[in-house]
Amino acid sequence: MYSVVYFLLYLLSLIPWKIVYLISDFFYVIVYYIIGYRKKVVMSNLAIAFPEKSEQERIKIAKGFYHQFVDSLIEMIKLISISKEEFQKRHSINTEVLNAYYDKVDKVQVVTGHFFSWEFANLGVSLESKFPIIVVYMPLANKVFDKIMFKMRSKFGTILVAATDFKTKFHQYTKDKYSLILVADQNPGNPKNAYWVPFFGKMAPFVRGPEKGAKTNNTAIFYAHFYSVKRGYYRTDVEFVTTDPNSFEEGALTKLLVKKVEDSVRQQPSGYLWSHKRWKYEFDSSKYKAS
């Protein structure tokens, strides 16, 4: 079954980019206007993030988000067969900022947010980085599509570690130099076990993992913002943060990284994943401690 599905998707991936985006425009109409996929969540998030904007301005951001959301899904098919040369035409990155530390540090965390297109960013960083890139992913329930996604995401050298296996398998990669890619804006499973920091002026919980891991392993921290330059073309900007995570008070590093995510979102509001409930939990000072 895998071979048949992969072959069919590979053939689809050969469709010219112009046609790909015509297909994407068709599905955008279905997703936004007909299905209205998570539209209430998107508009609620935008109202919290941009109270100063008018309803029409927020609708414009939402439409831009849905366009990029659908584009990112359709583009994954193109990435199945894309060559290194074609990819490098469509993705640029200032990897020299990261590579400059290759002879200075062994352990690196590149922290980012849920921007479009993370699939391009994943391939781009792996292709250009001197550090081996490790990405934690959530396996798909469908084994066939999970195998296809694994193959596509690792085509330029990314080391993929399933979230379910992270605790038992990650240590095998820590003996050598590595760069672990993590997201700073991940919602925690339990708000009691989280850092509570302001996000667009409203308190929100964020996972402790990136900060705790950095401090435990004394890991150098970089921040990455990736975004659309124009349709089908992306850019990743890498920024150095620190080589001494333990110099930050508890929660302060998370607060700094979340602020960087917010600043990136303000630069390109439509390029952020607004369909997830960013303020799922309400802050209660009697239960939670602000960082």
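Values as computed for the structure displayed
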| item | result |
| --- | --- |
| Set SER126, SER72, SER81: member being touching a residue at least 40 places away in the same chain (Cβ under 8 Å) and under 16 Å from the mean Cα position of the chain (by Cα) | SER72 |
| ARG235 being surrounded by fewer than 19 Cβ atoms within 10 Å (Cβ to Cβ), assigned to a helix (DSSP H, G or I) and not β-branched (Val, Ile, Thr) | no |
| Residues being without any contact (Cβ under 8 Å) to a residue 60 or more places away in the chain and either surrounded by 13 or more Cβ atoms within 10 Å (Cβ to Cβ) or among the hydroxyl-bearing types (Ser, Thr, Tyr) (or both) - total across the range 170-185 | 2 |
| Some residue of the range 146-165 being outside any loop (DSSP other than H, G, I, E, B), touching a residue at least 40 places away in the same chain (Cβ under 8 Å) and of a type in the set (Phe, Trp, Tyr) | no |
| Residues located in the range 267-291, provided they are more than 21 Å from HIS114 (Cβ to Cβ), in contact (Cβ under 8 Å) with a residue 24 or more places away in the chain and not hydrophobic (A, V, I, L, M, F, W, C) | LYS287, TYR288, LYS289 |
| Qualifying positions in the range 1-57 - hydroxyl-bearing (Ser, Thr, Tyr), in contact (Cβ under 8 Å) with a residue 60 or more places away in the chain and within 17 Å of ILE148 (Cβ to Cβ) | TYR2, TYR6, TYR10, SER13 |
| The one condition in (1) assigned to a helix (DSSP H, G or I); (2) crowded, with 21+ Cβ neighbours inside 10 Å; (3) modelled with pLDDT of 95 or more; (4) in contact with a strand residue (DSSP E or B) (Cβ under 6 Å, 6 or more places away or on another chain) that PHE226 fails to fulfil | (1) |
| Among (1) surrounded by fewer than 18 Cβ atoms within 10 Å (Cβ to Cβ); (2) assigned to a helix (DSSP H, G or I); (3) without any contact (Cβ under 8 Å) to a residue 24 or more places away in the chain - the single one GLU249 does not satisfy | (2) |
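The values are calculated or read from the model by the stated rules, or taken from the named source; none is laboratory data. Model, not experiment: these values are computed from the prediction. Positions of Cβ are backbone-derived with ideal geometry, glycine not excepted, and every protein chain shown enters the neighbour counts.
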